[in-house]
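Working notes for the structure below.
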Amino acid sequence: MAEKKKRKHSFIVSFCIIALCAYFAISLITIHREIKETKAEIADVKASYDEQIAENAQIRKRIDSGEIDEYVEKVARDELGYVKPGEHVYYEVSVND
């Protein structure tokens, strides 16, 4: 009888240990995947940051060299669609096949 009880406890303890190991393995895999995704996101943010720093340096260079008026005009025309007073802008709307 005692041997049967001992086997039952041994089975329960073994099962608990296996279950804990499986839980830790799954947790480790999940955390590793999250770390990998976070590192990729950090790399993307760093790349965007570097691009923005380069653009800021280019704008700073234009400001320092006195090209700011031409730059402002270019941005106003290209990105904002502004035109000078009395100026007419024509857009080609024909479809080429």
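Any idea what the dipole of the range 42-97 comes to, in debye rounded to 20, about its Cα centre with Lys/Arg Cβ at +1 and Asp/Glu Cβ at -1?
220
Answer with one residue from Tyr23, Ala54, Thr38: the one whose Cα lies farthest towards the positive end of the charge dipole of the chain, charges on Cβ with Lys, Arg +1 and Asp, Glu -1.
Going by the charge dipole, the pick is Tyr23.
So which aspartates and glutamates can Lys39 reach, going by Cα to Cα under 18 Å and dropping same-chain residues fewer than 8 places off?
Within the straight-line cut-off, Lys39 pairs with Asp50.
Which residue fluctuates the most in the chain, going by a Gaussian network model with Cα springs under 10 Å, if the choices are Ile18, Ile68, Ile42?
Its mean-square fluctuation being the largest, the pick is Ile18.
Reported to two decimal places, what Rg/Rh ratio describes the chain when computed on Cα atoms with Rh from the Kirkwood expression?
My calculation puts Rg/Rh at 1.58.
So what is the calculated 222 nm ellipticity per residue for the chain, using -39500 (n - 2.57) for each DSSP H run with n of 4 or more, over all residues, to the nearest 500 deg cm²/dmol?
The helix-only estimate for the chain comes to -28500 deg cm²/dmol at 222 nm.
Over the chain, average the accessible area per residue using a 1.4 Å probe and give it in Å², no decimals.
Accessible area per residue, the chain: 99 Å².
Scan the chain and hand back the longest stretch that contains none of the chymotrypsin sites (Phe, Trp or Tyr not before Pro) lying in DSSP loops with at most 16 other Cβ atoms within 10 Å.
1-81
Please return the longest stretch of the chain lacking exposed loop sites, where GluC sites (Glu not before Pro) count only if DSSP places them in a loop and at most 11 other Cβ atoms lie within 10 Å.
Result, exposed sites excluded: 1-78.
Does the range 53-95 come out rounded, prolate or oblate by the C-alpha gyration tensor, with a ≥ b ≥ c the root eigenvalues, rounded set by a/c under 1.5 and, if not, prolate when a/b is larger than b/c and oblate if not?
Here the range 53-95 falls in the oblate category.
Apply the Debye scattering formula to the range 11-62, with a single equal point scatterer on each alpha-carbon and no solvent, then give log10 I(q)/I(0) at q = 0.18, 0.24, 0.25 Å⁻¹.
Results for the range 11-62 at q = 0.18, 0.24, 0.25 Å⁻¹ read -0.71, -0.85, -0.88.
Please report, in debye to the nearest 20, how large the charge dipole of the chain is about its Cα centre when each Lys and Arg carries +1 at its beta carbon and each Asp and Glu carries -1 there.
About 1900 debye.
The values are calculated or read from the model by the stated rules, or taken from the named source; none is laboratory data. The structure displayed is predicted, hence computed values, not measured ones. Neighbour counts are summed over all protein chains in view; Cβ atoms, including those assigned to glycine, are modelled from backbone coordinates with ideal geometry. To get the accessible areas, we keep the full protein, side chains included, count just its heavy atoms, and leave off ligands, DNA and RNA. Shrake-Rupley method; radii C 1.70, N 1.55, O 1.52, S 1.80 Å.
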